[in-house]
């Protein structure tokens, strides 16, 4: 079952930060020169070092051990998504919607695993029996 998102922002406010990423998220951002995104990604390298992904190149990807979303440009963990935008129409928009990470694309509050949270989702609450 799927629902039509109402863009209320509840999912992004609750789950849109402090997530782990995957290498496949980084590939298009590196290729596209998306430093506006990469500067908010913390990388743990296989040698034990940390850096933001802004300086990462394709050749460095085999050294990436873990990926963390989201940090400020200095590497400090954020408590919100830097791409979350609430507009005057009351809806929430993702400023990187066309290239957002897999963890965001795959999130579905109506899935059984998120049942308790889905009860707080207006789209789920209004259509779930």
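The values are calculated or read from the model by the stated rules, or taken from the named source; none is laboratory data. Just so it is clear, the structure is predicted and the values come from calculations on it, not from any experiment. All Cβ positions, glycine included, derive from the backbone under ideal geometry; neighbour counts span all protein chains shown.
Numbers for the structure displayed
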{"read-out": "Test: residue in region 93-100 that is touching a strand residue (DSSP E or B) at 6+ places or on another chain (Cβ under 8 Å) and either not assigned by TED's automatic domain parsing to the domain that holds residue 122 or not in a strand (DSSP E or B) (or both)", "value": "yes"}
{"read-out": "Subset of region 39-67 that is out of contact with any strand residue (DSSP E or B) (no Cβ under 7 Å at 6 or more places or on another chain) and part of a helix (DSSP H, G or I) - its residue that is surrounded by the most Cβ atoms within 10 Å (Cβ to Cβ)", "value": "54"}
{"read-out": "Filter pass, residue 105 being out of contact with any helix residue (DSSP H, G or I) (no Cβ under 7 Å at 6 or more places or on another chain) and either modelled with pLDDT under 95 or within 20 Å of residue 17 (Cβ to Cβ) (or both)", "value": "yes"}
{"read-out": "Residues (crowded, with 16+ Cβ neighbours inside 10 Å, closer than 30 Å to residue 88 by Cβ and either modelled with pLDDT of 80 or more or in contact with a strand residue (DSSP E or B) (Cβ under 8 Å, 6 or more places away or on another chain) (or both)) located in region 11-24", "value": "12, 16, 17, 19"}
{"read-out": "Condition met for residue 8 (part of a loop (DSSP other than H, G, I, E, B), in contact with a strand residue (DSSP E or B) (Cβ under 7 Å, 6 or more places away or on another chain), at pLDDT below 95 and within 18 Å of residue 84 (Cβ to Cβ))", "value": "yes"}
